[in-house]
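The values are calculated or read from the model by the stated rules, or taken from the named source; none is laboratory data. Here the structure is a predicted model, which means the values were calculated and not measured. Using ideal geometry, Cβ is built from the backbone for each residue, glycine included, and neighbour counts are taken over all protein chains shown.
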Amino acid sequence: MSKKIVLTGGGTAGHVTPNMALIPALKEEEYEISYIGSHTGIEKKLIADFHIPYYSISTGKLRRYFDPKNFSDPFRVMKGFFEARQLLKKIKPDVIFSKGGFVSVPVIRAASTLGIPCILHESDMTPGLANKLSFSSAKTICCNFPETLELLPSNKAVLTGTPIRKELLRGSREIGKKFCGFKDDKPVIMVTGGSLGAQSINETIRYALPRLLPYFNIVHLCGKEKMDNLKLNMEGYKQFEYVKNEMKDIFAMADVVVSRAGANAICELAALRKPNVLIPLSAKSSRGDQIINAKSFEKQGFSIVIDNEELDEDILVESIFDVYEHRDKYIAKMQESKQSGATETILKIIDEAINS
């Protein structure tokens, strides 16, 4: 009799990619896997290639600013709770694994009422609101940073790290260059603002192109509907809204990465030993978790960090050249970190939750 697991999490790619990393390992262990996400979130698109059942529920969001939806979203969450409960009664999973995001809250709460053990994963240094709302319903809470253990219920917290997609380790520099149409041997800068893009990074890298392109090829993952049509045919500069299957090859050819500082993204950079410039999302438009993540990486010697408010063309160009010139130092520091084994650790926790 096969074991059944429901994965949940969504809203941004960061709430989905660790689940994507777990799916092949769960399949090897002969788990029957289902996914519960939102109707319109990025998770539906990202999970499609894995050919597992995907179920949508209603979901809302708790915002830190005034929005008329703040009055209607609690009703969507309540509706999502009853939808999730019906789905779980139908699927009958042995365990839930949640990566967070607001779609996960009704799923975890519904599972709790049905006596289904729930495992949460918190990627950031400080726990997000969706996960905080689910703490009481969780059996185990996994995390990335040693500092996070102090912020979690002590009887539930386990330091595991983040599952890394194994295919990211199997990329080809040559295939990446061909995919981007790069014909020379210049070093490559990869620029990404996360799955939703980052306007400040997009604008600044484009201003800096005349100063960078004589020395580097640049692949720019700029986010949905954020392409610059005037620069589509520029030699040495390739834009994509989002890349999925070829991501491993783009990582393989990247010599320097310019990125936001979402926890999953930076853990991938550390695992792949990619020298990087981090530009964390401003505290004005977030809860400041990316700033804390980035400062931790800077302290460990993995990254150069630029505050979003201080970002301009000069500081970005200077930081990119600095990281590239001293790339061996950054790679050596990341090699010392020995960040690995998260997938195996989490699989063991999942098995223990079923058998306890």
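Tabulated values for the structure
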item: Unmet requirement for residue 141, which otherwise passes all of (1) without any contact (Cβ under 8 Å) to a residue 24 or more places away in the chain; (2) farther than 30 Å from residue 110 by Cβ; (3) buried (at least 18 other Cβ atoms within 10 Å of the Cβ); result: (2)
item: Residue within segment 124-138 that is in contact with a helix residue (DSSP H, G or I) (Cβ under 6 Å, 6 or more places away or on another chain), acidic (Asp, Glu) and over 18 Å from residue 341 (Cβ atoms) present; result: yes
item: Options 54, 35; residue that is under 18 Å from residue 107 (Cα atoms) and in contact with a Leu (Cβ under 7 Å, 6 or more places away or on another chain); result: 35
item: From 308, 245, 293, residue being assigned by TED's automatic domain parsing to the domain that holds residue 187, within 17 Å of residue 200 (Cβ to Cβ) and either in contact (Cβ under 8 Å) with a residue 12 or more places away in the chain or in contact with a helix residue (DSSP H, G or I) (Cβ under 9 Å, 6 or more places away or on another chain) (or both); result: 308
item: Residue match in segment 326-344 (condition: more than 22 Å from the chain's Cα centre (by Cα), hydroxyl-bearing (Ser, Thr, Tyr) and more than 17 Å from residue 14 (Cβ to Cβ)); result: no
item: Neighbours by Cβ (under 7 Å, 6+ apart or cross-chain): first from segment 259-277, assigned by TED's automatic domain parsing to the domain that holds residue 124; second surrounded by fewer than 24 Cβ atoms within 10 Å (Cβ to Cβ) and outside any helix (DSSP H, G or I); result: none
item: Matching residues, segment 327-356, being in contact (Cβ under 8 Å) with a residue 12 or more places away in the chain and either touching a Gly at 6+ places or on another chain (Cβ under 6 Å) or outside any helix (DSSP H, G or I) (or both); result: 333, 339, 340, 341, 342, 356
item: Which numbered condition residue 60 fails, given (1) outside any helix (DSSP H, G or I); (2) in contact with a Lys or Arg (Cβ under 9 Å, 6 or more places away or on another chain); (3) surrounded by fewer than 18 Cβ atoms within 10 Å (Cβ to Cβ); (4) modelled with pLDDT under 70; result: (3)
